[in-house]
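Asks: Below: one structure in structure tokens.
Values in this text are rule-based calculations from the coordinates and carry no lab data. As the structure is a prediction and not an experimental result, all values here were calculated from the model. Cβ placement follows ideal geometry from the backbone for every residue including glycine, while neighbour counts extend to all protein chains displayed.
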Amino acid sequence: MISLRKIAGWFALLAMLALFTIPRAHAACTAGGCVMAGPRLLSLSTTQSTLLNPLLSSLLGANVTVSAADWNALANSDINVSAFINALQVQTGAVDTSTALSGSATLLQVFNAAAAASGSGSAADTAITNAIPALHLPTEPISVGDILKVSPNAGGARINVLDLLTGAL
């Protein structure tokens, strides 16, 4: 059963994301509408970080503190979709990339795959790696293919790290 607190947290998160999202054209959105989750500001201030941390905390049911620099690292980093899918395949032990997308993965596996696809030592990798121990990620599996509609051979397609992680959450 979904608690009222969790529903309120989702609505608050969506409202906050709507405030921070800057509309922009997507090259792949030629026929039909597109949805983009997450902020795409050039930078997030400490004030904005103090608003986002309680929202993330309410969604995860644990106190989470992510710095403005970490939010910026995630919001300003794009990863190669194929690299993410390959990293997810490694994380889940899937036999191929199609199975990695359609199969089950925990949020921890998704976060680790995003960190790996970001590149070792990158700002996004560091932000994700530092945040994981503080996050109490649910262990229920998700199907990444439900939130990321791409071909397993996505070529040079890129996705924003914060968009991917907020979508997974």
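Asks: Need one number: nm distance between label points at Ala134 and Asp78, each 7 Å from Cα along Cα→Cβ, rounded to one decimal.
Replies: The two pseudo-label positions are separated by 2.8 nm.
Asks: Okay, next question. Determine, for each peptide in 69-79, 100-110, 125-135, the mean count of other beta carbons within 10 angstrom over its residues, then list the peptides with the highest first. All intermediate terms of the calculation are to be shown ahead of the outcome.
Replies: Numbers: 69-79: 21.1, 100-110: 19.4, 125-135: 17.2.
With the highest mean Cβ count within 10 Å placed first, the list reads 69-79, 100-110, 125-135.
Asks: Compute the signed sum of charges (Lys and Arg +1, Asp and Glu -1) over the other residues within less than 15 Å, Cβ to Cβ, of Ala117.
Replies: Surrounding charge for Ala117 is -2.
Asks: Cβ under 12 Å from Gly103's Cβ, Gly103 left aside: what net charge do those residues give with Lys, Arg +1 and Asp, Glu -1? Intermediate results must be reported in sequence, preceding the final value.
Replies: Numbers: positive: none; negative: Asp96, Asp146.
Local charge sum for Gly103: -2.
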